[in-house]
């Protein structure tokens, strides 16, 4: 039986942390949209209308679609 840490003296394998995707980013990936397709996508607009009060949606898209978001104070 070996005593001690078998990894002693060996370099650690470091992994890069990747930032978590927002729901918006997951939605555009699921819909397979490119940035130039966002405004014309009815599915994305419908998602934004349903979720703009609780999820991140870029302000430029909200403005383009005329979606008003009430901010809780």
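Where a number appears in this text, it was derived from the coordinates with a stated rule and is not lab data. Bear in mind the structure is a predicted one, so any value in this text is a computation, not a measurement. Every residue, glycine among them, receives a Cβ derived from its backbone with ideal geometry; neighbour counts consider all protein chains shown.
Summary table below
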item: Shape call, the stretch 23-65: gyration tensor on alpha carbons, a/c limit 1.5; result: oblate
item: Ordering of 36-48, 8-20 by packing [mean C-beta count within 10 Å, highest first]; result: 36-48, 8-20
item: Helical contribution to [θ] at 222 nm, DSSP H n ≥ 4, -39,500 (n - 2.57), averaged over the chain, rounded to 500; result: -9500 deg cm²/dmol
